[in-house]
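The values are calculated or read from the model by the stated rules, or taken from the named source; none is laboratory data. In this text the structure is predicted, and so the values were computed from the model without any measurement. For neighbour counting, all protein chains shown are included, and Cβ atoms are generated from backbone atoms with ideal geometry for every residue, glycine included.
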Amino acid sequence: MFKRRSNSNTLPQLGGLELNVLEVLWAAPGQGAKSVLQQLPDNQKPSLSTVQSTLERLHRKKLLTRSKHSHAYIYIARVARTELLGRLIGGVIRQLHSGSLDPILSSFVDFADGMDDQTLDRLEQLVQQRIQQRTEDGDD
Amino acid sequence: MIELIATAMLTELGLWLVLGVISLASYPMIRTRLLRLHPGQSSVLLLCWLALPFIGSLIISAFLYWPDLAMHLVESHCHANSCRQHGPSTPWALIPAMGLLGWVLFRMLLGGYQKWLPAWRLARQLTDVSKVRGSYYELPTQVATAFTMGWLHPKIFISQGLTEQCTPNDITCILDHEQGHRQRQDNLRHFLAWLLTAPFLQSWVQQVQDDHRLACEQACDLLACERLSPESVAGTLIHVARLQVGDCPTGSSAFANNHTELRIRALLGGQPERLKLSTLTVISGSLLLLLAALVNPIHYLLEWFH
């Protein structure tokens, strides 16, 4: 009845700051908290301790590896950007198919329609007939 | 005082459930007529139909328990030599009232936890990973998809795969359609439709909710027709549906409906009719009178139980 949170999509839950930190590490792997903080967007500059907590969280979610250099940790992303985004979008598409996003979303064409090529061919014929009829009525 | 509040709560919730069952059972009688109307109008009327049990129960409860209103609709009578205006009250209402309230809140909280919270989190993630392209967000995926997500500040998402495989005309059609969802606040309407029917079993309300969704989609198709011909909009629907046929994962299927086919046929079927304002006024007035007429018998019915 009460689903585990991670069942709702294929990724661990990622916030905006976590994604920004990952973007920094994808662009330049092997950085510590201070250098990650410097490279975050100007409009999103949290404190150093917040960045450290975020890196720790991402490490616990197994999205980063780390090694100790003197007194600080250096972090590298474990998952490539394309793979992570692919999993996120894949999760969205799966949920679009299952209809579980229906409460918050309106699709242009509903995946749940499950139309086949034969039906689409038939409908396309109807459209063409209508266009032809319009043209003939216009000529008249 | 507690007796009165508990009875009022029980009355309101009980009426909501009873009127809800009646409205859902009688929906097939009006369905065909409703779906023939202009979708802009039918989507509003469908939402009103779903809201009717809740609004109706509030109105009746207000007339029962607000003395200034009750004096006009409830026949004057006395209890134990006291003849002042009163709402029905019974000492055994507390437990059933708590039970009903618990059920309604449970259904709402369960829906919120299972449906809304994960969807809201996902919407935030999608915004973070997508690129802004003018009036929409471009999703970095080759799967062909376009949708509007969110309630109060809905955002339009179109996938890279779709923009690469569509003509400029198609993109115009898709954007106009999705802008229609934004302007009409359709996702918020779906949320209201869900909220108003939360206490009822999903299987009972699915048809009405599905018809409401279809009407909203058709209304946005007609908005897209302001710049393009109906045949052009129908052609875009077919084109996008074809692209999605290949992208459908094996075995995945929700409640399979035929909305796309219905939408295409509606586009080719010409201008739908609209109900006149006078007709709507007569219907609304009749419903209000019916609700008012129920107040007196419900008052006596509740007192008979006591």
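Given the options B:Leu152, B:Leu126, name the one that is within 7 Å of another protein chain (Cβ to nearest Cβ) and hydrophobic (A, V, I, L, M, F, W, C). Let's see the steps before the verdict.
Details: B:Leu152 fails: within 7 Å of another protein chain (Cβ to nearest Cβ).
Being within 7 Å of another protein chain (Cβ to nearest Cβ) and hydrophobic (A, V, I, L, M, F, W, C) holds for just one of B:Leu152, B:Leu126, which is B:Leu126.
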Please note which helices (runs of 4 or more DSSP H) are completely contained in the range A:1-103 and include at least 2 residues that are modelled with pLDDT of 85 or more. A:16-27, A:33-39, A:48-60
Sort out which residues of the range B:50-73 are in contact with a Leu (Cβ under 8 Å, 6 or more places away or on another chain) and either aromatic (Phe, Trp, Tyr) or not in a helix (DSSP H, G or I) (or both), and write them in order of number. B:Phe54, B:Phe63, B:Tyr65
Does the range B:157-168 contain at least one residue that is within 11 Å of another protein chain (Cβ to nearest Cβ), in a loop (DSSP other than H, G, I, E, B) and either among the basic types (Lys, Arg) or touching a residue at least 60 places away in the same chain (Cβ under 8 Å) (or both)? yes
Restricting attention to the range B:132-150, the residues that are in contact with a Pro (Cβ under 6 Å, 6 or more places away or on another chain) and either in contact (Cβ under 8 Å) with a residue 60 or more places away in the chain or surrounded by fewer than 22 Cβ atoms within 10 Å (Cβ to Cβ) (or both) number exactly 0
Can you give me the number of residues within the range B:76-115 that are at pLDDT below 80 and touching a Pro at 6+ places or on another chain (Cβ under 6 Å)? 2
What is the residue count in the range B:215-241 for residues that are of a type in the set (A, V, I, L, M), in a helix (DSSP H, G or I) and within 22 Å of A:Asp121 (Cα to Cα)? 6
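Test B:Ser43 against the stated conditions and say whether it is within 22 Å of B:Phe191 (Cβ to Cβ), touching a His at 6+ places or on another chain (Cβ under 8 Å) and part of a helix (DSSP H, G or I).
yes
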Members of the range B:102-130 found to be assigned to a helix (DSSP H, G or I) and under 19 Å from A:Gly90 (Cβ atoms), listed by number: B:Pro118, B:Ala119, B:Arg121, B:Leu122, B:Ala123, B:Arg124, B:Gln125, B:Leu126, B:Thr127, B:Asp128, B:Val129
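Would you check if B:Leu188 is within 11 Å of chain A (Cβ to nearest Cβ), surrounded by fewer than 19 Cβ atoms within 10 Å (Cβ to Cβ) and in contact (Cβ under 8 Å) with a residue 12 or more places away in the chain? Before the answer, list the steps.
Details: within 11 Å of chain A (Cβ to nearest Cβ): yes; surrounded by fewer than 19 Cβ atoms within 10 Å (Cβ to Cβ): yes; in contact (Cβ under 8 Å) with a residue 12 or more places away in the chain: yes.
Answer is yes for this residue.
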